[in-house]
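A.B. asks: The structure under discussion is supplied below as structure tokens; questions concerning it will follow.
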Amino acid sequence: MPKIKHLLIVGLLLRLVVMAWLYHPDLKSQYFHAQFLSQGVTNIYQYIADHKASLPYTDSYNYPPFTFFTQGLWFSIARLFSGSGLSTWLNDWGPNQLAYAHISTYLLVLKLPYLFAELAVIYLFTKLLPNPEHKYSFLALSLLNPVSLYAIFALGQFDILPALGTVLALYFTAKSHRTWALVCIMLAVFFKTYPLLLVPFILLRCKSLSELFKQGILVLGISVLFIGPFFKSPAFIASFFQSSLGQRILSAQIGLGGGEELYLFFASYVIFLCVSWQRKNSPDLLPEFLSTTLAVVFFAQYHAQWLVWSAYFIFYHLARHPQDALAPLLGLVGFFCRVFLLADQFVLVGLFSALNPSLLLIPPLSTNAIIPTSMFHTVFIAAGLYLITSVWSRYVQKPN
Amino acid sequence: MSKNLINPSVTGLAYLLGLMSVFLFFSVIGARRLYDSGQPHSVYFLGLNRVSSASQSFTPLHNGLNVVRVYLKNVSIRNHDPLSFTLTDSTGQVVSHIDLNGSNVGDGDSVRFQFPPLPDSAGRTFTFTLTAPTTETSTEIGVGFTDDTGTYPAGLGHVGRQSGELNFDLYYRPQNIGSLLVQVLSLALSRILDLPSLVIATLVGLLWYFLAKRLLFDR
């Protein structure tokens, strides 16, 4: 127990340090939009389209509605203990937006929900790990891994929220509570759309056609309930259905001739569905969830935060099968090397600009590194495919 | 995975040292300069064109003035005309002259003008002037401007015949690495030792720890 306490303290300190000291403008952008909930705005998409000329920041809002409502609710709470300076800072998009004395407070406060969402994810997995050795390994991987520290707490991205929904779905399916699993997945969809890809695997576990029909109605019903009110808004349609995720997963193709393309992600997805069908009596959906979320990242020009979708599934697998650790380690190197070579100040140097705004005078590490980024992406894919194969081989051989 | 393989203290220390190293490397070796002073406000944009130039007098606080950044707006990047930056001292002597063009100016962007560090810049008055000798009003570049001359008492700006203050920043390069290192650390510490964030971090940290202990420990 003292070693677990030690692990918790170190993990917590790292998170608090990274949360307060590192800044990415996406965090500010998301909460800039979210603040309008406290002013009574419920359709942020239309509001931005209608008020673009008067807003200090004019980027469109590209996330599903739950993100807006969740962050909007948190903003209302956060400003109670961070003061009015938070609103002032969020609305300042001028050249001196980093010159605020309390910027560390604002960064820390805005990222707090993700700290507890991650704790919930860790808790759920530890409930699925009865072996104390495995539990400790999972905790160590979760608390000390660079992906979480970078993507969640440095970049301040909210991907841990839909990830929590998918982990809840995994947990409930393992307990054969498929209805709750679908509810959780659908709630996750309204933070980011990728969990929609995981729905068929849960539906494949239905024991009868009538159950399948009922669960299908449930999925549709939840979709209509939460998206229906926004369907009349052209700005919402433009934002929601033209997301970068949808476009990016179609980008990895192999030409078949005659203008036809083989879409690599969809080919993989069909394979996963077929193998999942073979083991449809198994309530453990780890291989399906891990491989699908990882495949999305592989076959797209990914954003770093997308790896959060798979990360905790990978840690769960590695906690029980540490002999598979080499591939993820290699993949991690490829992953981060590609990310740091992107033509964007804020993948590395710019993150520290809250501590020293002069760092924004430094251009990105690279502006035209297609070959190196491709090589590192290839390493990442190769290592990841090896991991996926290892995972499936263990699960397909295991008796249900 | 053995408990002995991952030592939390060593890993945690490695992360902290790594973060510090990256920060100091980029601050001291990469950026090599610090913020001096400036005028951060823009109420509106005034046009820079062939009949309307922009100028701003200013007084740096530190020696080693090295960069002037001016907030400019090239709407839809439509302007590709020549643009000049001239820095003069109080006697009118040209200290630096930089030629660029509109393609170097974004649509709401701080444009950086860099020159060799001026070792004795502290307390001296300089003026920078922006001219666009061939730009018509239809493609003029906007200069961030405020009428409130009180926002920067150490100088005065003009765009055409309008007086006020331009939106600009000054950066200086400390004379030696030791001095730069001290100032970088001092700046970072002032941000890190922000009392509200320390209080919130402590309270939230305690809450998180007790929740984690309750939820995750074996009973």
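A.B. asks: Can you quote the Å³ per residue value for the convex hull of the Cα atoms in the range A:300-399, rounded to an integer?
C.D. replies: Spelled out: Cα convex hull of the range A:300-399, divided by residues, is 106 Å³.
A.B. asks: Give me the percent of accessible area attributable to carbon and sulfur for the range A:106-248, probe 1.4 angstrom.
C.D. replies: Carbon with sulfur: 72 percent of the solvent-accessible area.
A.B. asks: Roughly how crowded by other chains is peptide A:108-120, in terms of the mean Cβ count from those chains within 10 Å of each of its Cβ atoms?
C.D. replies: 3
A.B. asks: Rounded to two decimal places and with Rh computed the Kirkwood way over Cα pairs, what is Rg over Rh for the range A:104-215?
C.D. replies: 1.04
A.B. asks: Using a probe radius of 1.4 Å on protein heavy atoms only, what is the accessible area buried between chains A and B, both sides summed, to the nearest 100 Å²?
C.D. replies: 5300
A.B. asks: Hey, another quick one. Using the Cβ atoms and a cut-off under 14 Å, what net charge is assigned to the surroundings of A:Lys192, where Lys and Arg are +1 and Asp and Glu are -1?
C.D. replies: -1
A.B. asks: Let me ask you something else. If I take all pairs of Cα atoms in the range B:141-219, what percentage of them are more than 22 Å from each other?
C.D. replies: Distances greater than 22 Å cover 64 percent of the Cα pairs.
A.B. asks: Also, quick follow-up: Rolling a 1.4 angstrom probe over the protein heavy atoms, how many square angstrom per residue are accessible across the range A:31-102?
C.D. replies: 44
A.B. asks: At a Förster radius of 51 Å, what calculated FRET efficiency corresponds to the Cβ-Cβ distance of B:Val22 and A:His177, to the nearest 0.05?
C.D. replies: Computed FRET efficiency for B:Val22 and A:His177 comes out at 0.70.
A.B. asks: Give me the accessible area per residue for the range A:251-400, probe 1.4 Å, as a whole number in Å².
C.D. replies: 42
A.B. asks: Related question: Against the 2.2 N^0.38 Å scaling, with N counting residues, where does the range A:199-340 land? I'd like the Cα-based Rg ratio to two decimal places.
C.D. replies: 1.25
A.B. asks: For chain B, compute Rg over Rh where Rg is the Cα radius of gyration and Rh is the Kirkwood radius from the inverse mean 1/r over Cα pairs.
C.D. replies: That ratio is 1.15, to two decimals.
A.B. asks: In terms of solvent-accessible area of protein heavy atoms at a 1.4 angstrom probe, what is the ranking of B:Ser96, B:Ser42, highest value first?
C.D. replies: So, going from the largest accessible area down, we get B:Ser42, B:Ser96.
A.B. asks: Let's test the formula: R0 of 56 Å, r as the Cβ-Cβ distance of A:Ser393 and A:Ile237. What FRET efficiency results, to the nearest 0.05?
C.D. replies: E between A:Ser393 and A:Ile237, to the nearest 0.05, is 0.85.
A.B. asks: Going by average Cβ density within 10 Å per residue, which order do the peptides A:140-150, A:200-210 take, highest to lowest?
C.D. replies: Going by the mean number of other Cβ atoms within 10 Å, highest first, we get A:140-150, A:200-210.
A.B. asks: In this model, which of A:Lys28/B:Lys73; A:Lys127/B:Lys213; A:Lys207/A:Lys280 are farther than 18 Å apart at the alpha-carbon?
C.D. replies: Too far apart for the 18 Å limit: A:Lys28/B:Lys73.
A.B. asks: Let me ask you something else. For peptide A:333-339, how many partner chain Cβ atoms fall within 10 Å of a residue's Cβ, on average?
C.D. replies: So the per-residue partner count for this stretch is 0.
A.B. asks: Just by accessible area at a 1.4 angstrom probe, what is the order of B:Leu216, A:Leu273 from largest to smallest?
C.D. replies: A:Leu273, B:Leu216
A.B. asks: For B:Val204, what charge total do you get from the other residues with a beta carbon under 11 Å from its beta carbon, if Lys and Arg give +1 and Asp and Glu give -1?
C.D. replies: Local charge sum for B:Val204: +2.
A.B. asks: Continuing with the same structure: Can you tally the net charge around B:Arg32? Count Lys and Arg as +1, Asp and Glu as -1, for every other residue whose Cβ sits under 15 Å from the Cβ of B:Arg32.
C.D. replies: +2
A.B. asks: Separate question: Kindly report, to the nearest 10 Å², the accessible surface of B:His62 as traced by a 1.4 Å probe over protein heavy atoms only.
C.D. replies: 60
A.B. asks: Continuing with this model, one more query. For labels at A:Lys127 and B:Ser179 in the simple 7 Å Cα→Cβ model, what's the distance in nm?
C.D. replies: It is 6.1 nm.
A.B. asks: Of B:Ser21, B:Ser197, A:Ser84, which has the most accessible area with a 1.4 Å probe, and how do the rest follow in descending order?
C.D. replies: A:Ser84, B:Ser21, B:Ser197
A.B. asks: Now for a different question. Quick check: pseudo-label points 7 Å beyond the Cα along Cα→Cβ at A:Asp26 and A:Met375, how many nm apart are they?
C.D. replies: Reported label-point gap for A:Asp26 and A:Met375 is 2.6 nm.
A.B. asks: Hey, another quick one. Keeping the other protein chains in place, figure out the carbon and sulfur percent of the accessible area of chain B, with a 1.4 Å probe.
C.D. replies: C and S fraction of accessible area: 60 percent.
A.B. asks: Counting only the heavy atoms of the protein chains, how much of A:Cys274 is accessible to a 1.4 Å probe, in Å² to the nearest 10?
C.D. replies: 80
A.B. asks: Take A:Ala267 and A:Ser60, extend 7 Å from each Cα along the Cα→Cβ direction, and tell me the distance between the two endpoints in nm.
C.D. replies: Placing both labels 7 Å along Cα→Cβ, they lie 3.2 nm apart.
A.B. asks: Could you state how much accessible area B:Asp147 has, in square angstrom rounded to the nearest 10, with a 1.4 Å probe and all protein chains kept in place?
C.D. replies: Accessible area, nearest 10 Å²: 80 Å².
A.B. asks: What average count of beta carbons from other chains do you get within 10 Å of the Cβ of residues in A:85-98?
C.D. replies: 3
A.B. asks: Separate question: Any idea what log10 I(q)/I(0) is at q = 0.07, 0.08, 0.11, 0.12 Å⁻¹ for the protein assembly as shown, Debye with uniform C-alpha scatterers and no solvent?
C.D. replies: Listed by q, the Debye log ratios stand at -0.50, -0.65, -1.15, -1.31.
The values are calculated or read from the model by the stated rules, or taken from the named source; none is laboratory data. Here the structure is a predicted model, which means the values were calculated and not measured. Positions of Cβ are generated from backbone atoms using ideal geometry, with glycine treated the same way; all protein chains shown enter the neighbour counts. With ligands, DNA and RNA removed, areas are computed over all heavy atoms of the protein, side chains included. Shrake-Rupley method; radii C 1.70, N 1.55, O 1.52, S 1.80 Å.
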